[in-house]
Amino acid sequence: MTESRARRTHRLALVLAAAVALATPWTAVATAAPEDPPVAPAAAIPLPPELDPGFYHPPAETVAAAAPGEILAARQVTVANLGLIPVNVDAWQLSYRSTDSHDAPIAAVATVLKPRGSAPDKLVSMQIAEDSLAGYCAPSYAIQHLSAGPLLGQIVAPAEFVIAQGALQQGWGVVIPDHQGPNNAYAAGPLAGRIVLDGIRAARDFAPMRVTPDARVGLYGYSGGAIATGHAAELKGSYAPELNVVGVAEGGVPADLGRVLDVANGQLTSGLVLAAVMGLAHEYPEFARFMADNLDPLGRAVTTVQSGLCVQYVSMLLPFLNLKGLLRVPGDPMRDPVVADVLDRTRMGARVPDMPMYIWNANPDEIIPVGQVNTLVDTYCRNGASVAYTREHFGEHIASEVSGAGPAMLWLRDRLDGVPAPTGCTTTDAGWLALDPNGFQLLTATFGETFASFFGKPIGVR
């Protein structure tokens, strides 16, 4: 062998050895990590969950094999205002594994959005109030282009989607989870909290979202959305301690469902609260048996009809019901051990959130009594939480959501920008939150940008 040929052979051996050395660890990493699911294109006409079991209800063995927050399926979607006017943003739906109130694996779905062409360093989980017992009322369907949800009574999701667009206009990534879960368990807070936290994990790990590794995370929710938000805040420290949640803004907070039911009994909002009672039965089998055994014929008829309706019609159906009178039990049914147990499991305040909070509530609020929110804030503050609490005295439930959105988003923006929240607790009594000039300016800017999107203006850059 000549010297030149020997050198060539030696170089070839070195190249082969280097290739083997590089291939070996790469192969180990590739086999250890789960593969990202392919992203399916958006459907021309979206299907409600009832007609889309492959995405919303994947095989139980597939769900059980995944880790909490692991993505099971992904697809592009087109979101729209009122289901009719497309919003020019990057948007997908994720099916991912979560955990129910009994520590069993379940599949959950979230819509994830970001401004066009961005890599967000801030992420907000926006808990829209579904307040219904049917799958087609879920936000993932109701905010899609050409969905029928808004036409069939889901009026809350399209309205609150405007607030989510305000978050996108700030440059933030947004997660909108279907926090009631696969069985539409309205008001089941511990379930909702886990779905929220796993939705954040899924959005963070979804490559097309391009969320930066050090992204700060915020939570936002009102009324039915505050149920999910509040429980997620309480569960974060034990269930998802790795998430960098820097602030929580929630309003109209149903902290104690027993007190909410007491106020609604025989009043205008009794139908809405009865749906929440039945939502709890979707998550807690013992409570479901109690309701099945004790509901009178009128209660059975009303709840059967409600089970197929969205929030607008759920709220309108037979108001002024004597909710407690629908149950054939002696005395106050709230004192039955099964009922008391479910109310105790879903009451906020069992844990103290490990991040600062902004809470607001109307005083009086015809649906969510302010007294139980006062109690929640007192409980948090006695145990070392940092809470900025505002009571609005010229508001009511719906008006306070609108007037309070601007100040709440400004507070959350400071947290996401890294501005530390004051330590400790403050309580502020305000007349009308819409008079906050900065909050009003943010709200009007949001509505202006949303109107501009009607004509195709993108949120972000192309």
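The values are calculated or read from the model by the stated rules, or taken from the named source; none is laboratory data. If you're wondering where the values come from, they're calculated on a predicted model, not measured in any experiment. Note that each Cβ is placed from the backbone with ideal geometry, even for glycine, and that neighbours are counted across all protein chains shown.
See the values below:
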item: Which numbered condition Q267 misses (of (1) in a loop (DSSP other than H, G, I, E, B); (2) within 26 Å of P150 (Cβ to Cβ); (3) not β-branched (V, I, T)); result: (2)
item: Test: G299 is free of Cβ contacts under 8 Å to residues at least 40 places away in the same chain, small (G, A, S) and in contact with a strand residue (DSSP E or B) (Cβ under 9 Å, 6 or more places away or on another chain); result: yes
item: Output for segment 430-462, where each listed residue is surrounded by fewer than 13 Cβ atoms within 10 Å (Cβ to Cβ) and touching a Ser or Thr at 6+ places or on another chain (Cβ under 8 Å); result: V461
item: Long-range neighbours under 6 Å by Cβ, at least six apart or interchain, first residue farther than 21 Å from G384 by Cα within segment 397-425, second surrounded by 17 or more Cβ atoms within 10 Å (Cβ to Cβ) and acidic (D, E); result: H397/D365; S400/E392; P407/D436
item: Pair list, Cβ < 8 Å and 6+ apart or interchain, from segment 326-339 residues that are in the same structural domain as A281 (by TED's automatic domain parsing) and surrounded by 12 or more Cβ atoms within 10 Å (Cβ to Cβ) to residues that are part of a helix (DSSP H, G or I) and among the β-branched types (V, I, T); result: L326/V302; P333/V339
item: Helices (runs of 4 or more DSSP H) wholly inside segment 357-462 containing at least 2 residues that are outside the structural domain of A159 (by TED's automatic domain parsing) and at pLDDT 95 or above; result: none
item: Yes/no for A142 being closer than 30 Å to D341 by Cα, among the aliphatic types (A, V, I, L, M) and out of contact with any Lys or Arg (no Cβ under 6 Å at 6 or more places or on another chain); result: no
item: Unique residue being surrounded by 21 or more Cβ atoms within 10 Å (Cβ to Cβ) and acidic (D, E) when the list is D296, D262, D256; result: D256
item: For K236: the one exception among (1) in contact with an Asp or Glu (Cβ under 9 Å, 6 or more places away or on another chain); (2) of a type in the set (K, R); (3) not assigned by TED's automatic domain parsing to the domain that holds Y186; result: (3)
